[in-house]
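Some notes on the structure that comes next.
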Amino acid sequence: MPGAIGAVWGLLGVSLLFSSALYRLYPPARELCGMGFGWVEWSALVAGLVFMGYAKGYGIFHRRFSPRFAARVLYLKQNPTLVRVLLAPFFCMGYFHATRKRKIISFAMTAMVVGLILLVRKTDQPWRGIVDAGVLLGLGWGLVSIWFFTFRAFFGNGPDAPPETP
């Protein structure tokens with residue numbers, strides 16, 4: 001029972017984190033609808049959507065993060081501890097009880113994302129909205145992807161990646 005609670009908390013906690021980011025990114029991206037774009041802005045929007053959809057949505061989330069996330073959710077269900085269950089979203093993202101490499105990558109990616117958020121916040125429209133539209137696509141893909149791989153890990157043939165635990 002504690003493992004199931006931890007697994008649900010891990011999946012829901014990260015889903016809430018992603019959903020919160022999507023909710024906050026939507027208004028600046030929505031503002032693009034009322035703006036008159038020239039060819040430079042349209043080109044940047046299309047390039048940003050293609051790049052973020054492929055690089056972030058498919059490359060980072062679908063191929064790397066989500067399969068490992070699902071494996072860690074399943075590992076948590078099968079190997080619960082009080083700390084892992086209480087901090088399940090952080091465990092599932094690889095912040096602790098992970099290989100040294102996984103922890104370094106998890107913390108480095110978080111620092112990079114925070115830095116980019118601070119940088120993009122200072123950008124004026126339409127460029128902020130263009131970047132946010134790409135991030136919305138990639139992050140939305142990521143949210144769907146973590147649910148897909150977690151469902152497959154639990155009801156398919158097991159996880160598609162190792163949980164990278166010590």
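Laboratory data are not the source of any read-out in this text; all were calculated from the coordinates shown. Note that the coordinates shown come from a computational prediction; the quantities given were computed from them, not determined experimentally. Here the Cβ positions follow ideal geometry from the backbone for every residue, glycine too, while neighbour counts run over all protein chains shown.
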Each label sits 7 Å from Cα toward the beta-carbon; between Q78 and R64 the label points are separated, in nm, by 2.5
With label points set 7 Å from each Cα along the Cα-to-Cβ direction at M112 and D124, the distance between them in nm comes to 3.0
The stretch 120-163 scanned against label point 7 Å out from W39 along Cα→C-beta; backbone N under 19 Å for none
When V135, V40, V73 are arranged by how many other beta-carbons sit within 10 Å of their Cβ, fewest first, they go V40, V135, V73
With Cα coordinates, the longest principal axis of the chain makes an angle with the long axis of helix 100-121, in degrees rounded to 10, of 30
Simple spin-label estimate for L22/N157, 7 Å along Cα→Cβ, in nm, reads 2.9
In degrees rounded to 10, the 0-90 angle between helix 66-78 Cα long axis and the longest Cα principal axis of the chain is 30
Computed from the beta carbon distance with a Förster radius of 45 Å, FRET efficiency for I5 and R30 to the nearest 0.05 stands at 0.75
